[in-house]
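For reference, the structure is listed below as structure tokens.
The values are calculated or read from the model by the stated rules, or taken from the named source; none is laboratory data. Please read these numbers as outputs of a predicted model, since none were measured by experiment. We place every Cβ from the backbone using ideal geometry, glycine too, and count neighbours over all the protein chains shown. Each accessible area value is taken on the protein alone, full model and side chains, heavy atoms only, with ligands, DNA and RNA left out. Shrake-Rupley method; radii C 1.70, N 1.55, O 1.52, S 1.80 Å.
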Amino acid sequence: QLQLVESGGGLVQPGGSLRLSCVVSGFTLDYYDIGWFRQAPGKEREGVLCISGSNGRYADSLKGRVTISRDNARNTVYLQMNSLKPEDTAVYYCAARRSAYCSDYDRPGGMDYWGKGTLVTVSS
């Protein structure tokens, strides 16, 4: 059974940093795209970043402030977020699908498996 569990959210001041983790089980990271998404209150869910198999990150909607990395030994994908702004407040989700090089990962229905999310609040 494929499972994804996010952690690392919390309250952070503007300008601060957070690293979110997505621990996966039931599948091998090498053969899957892992995407990070977020949904702010009253807004639609949006794609943040995606990593595909063993080929590193691809799409990036918050250029310069977020990076994605993977630790295969720990079955974990990380989202490092820097210079956080109040508008980054959202529930952050990770999601997975069989590898498609992150093509259209953020279209509706683009990912097959989802975690339950972790809340990030950016506020002073």
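Does residue 107 satisfy the condition of being in a loop (DSSP other than H, G, I, E, B) and either modelled with pLDDT under 95 or surrounded by 16 or more Cβ atoms within 10 Å (Cβ to Cβ) (or both)? Give the steps one after another, and end with the answer.
On the way: in a loop (DSSP other than H, G, I, E, B): yes; either modelled with pLDDT under 95 or surrounded by 16 or more Cβ atoms within 10 Å (Cβ to Cβ) (or both): yes.
Considered against the rule, which asks whether it is in a loop (DSSP other than H, G, I, E, B) and either modelled with pLDDT under 95 or surrounded by 16 or more Cβ atoms within 10 Å (Cβ to Cβ) (or both), residue 107 comes out as yes.
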For the range 13-31, which residues satisfy the criterion of being among the polar types (S, T, N, Q) and assigned to a strand (DSSP E or B)?
21, 25
Restricting to the range 110-123, and then to whatever is open to solvent by less than 30 Å² (accessible area, probe 1.4 Å) and outside any strand (DSSP E or B), can you tell me which residue is nearest to residue 89 (Cα to Cα)?
117
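Going by the structure shown, is residue 2 more than 14 Å from the chain's Cα centre (by Cα) and of a type outside the set (S, T, N, Q)?
yes
Quick one: in the range 66-75, which of the residues that are buried (at least 18 other Cβ atoms within 10 Å of the Cβ) and of a type outside the set (D, E, K, R) is farthest from residue 123 (Cα to Cα)? Break it down stepwise before answering.
Within the range 66-75, the first condition is being buried (at least 18 other Cβ atoms within 10 Å of the Cβ), and the residues that meet it are 66, 68, 70.
Within this subset, residues satisfying the condition of being of a type outside the set (D, E, K, R) are 66, 68.
On the way: 66: 18, 68: 23 Å.
So the residue we want is 68.
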Count, please, the residues in the range 7-24 that happen to be in contact with a Gly (Cβ under 9 Å, 6 or more places away or on another chain) and surrounded by fewer than 16 Cβ atoms within 10 Å (Cβ to Cβ).
1
Across the range 79-88, what is the total count of residues that are buried (at least 18 other Cβ atoms within 10 Å of the Cβ) and not aliphatic (A, V, I, L, M)?
1
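Just wondering, is there one or more residues in the range 69-79 that are assigned to a strand (DSSP E or B), without any contact (Cβ under 8 Å) to a residue 12 or more places away in the chain and out of contact with any Ser or Thr (no Cβ under 7 Å at 6 or more places or on another chain)? Steps first, please.
Filtering the range 69-79 for residues assigned to a strand (DSSP E or B) gives 69-71, 76-79.
With without any contact (Cβ under 8 Å) to a residue 12 or more places away in the chain added as a condition, the list becomes 71.
Remaining after also requiring out of contact with any Ser or Thr (no Cβ under 7 Å at 6 or more places or on another chain): 71.
Yes - at least one qualifying residue is present in the range 69-79.
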Count of residues meeting criterion [assigned to a strand (DSSP E or B) and either in contact with a Gly (Cβ under 7 Å, 6 or more places away or on another chain) or at pLDDT 95 or above (or both)] in the range 81-91
2
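In the range 25-57, how many are touching a Phe, Trp or Tyr at 6+ places or on another chain (Cβ under 8 Å) and either touching a residue at least 40 places away in the same chain (Cβ under 8 Å) or open to solvent by 10 Å² or more (accessible area, probe 1.4 Å) (or both)? Give the steps one after another, and end with the answer.
Within the range 25-57, the first condition is being touching a Phe, Trp or Tyr at 6+ places or on another chain (Cβ under 8 Å), and the residues that meet it are 33, 35-39, 45-53, 55.
The next check asks that each one be either touching a residue at least 40 places away in the same chain (Cβ under 8 Å) or open to solvent by 10 Å² or more (accessible area, probe 1.4 Å) (or both); those that pass are 33, 35-39, 45-48, 50-53, 55.
Total meeting the criteria: 15.
Residue by residue, here is whether (1) assigned to a loop (DSSP other than H, G, I, E, B); (2) at pLDDT below 95; (3) farther than 22 Å from residue 124 by Cα holds:
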position: 33; (1), (2), (3): no, yes, yes
position: 50; (1), (2), (3): no, yes, yes
position: 64; (1), (2), (3): yes, yes, yes
position: 93; (1), (2), (3): no, no, yes
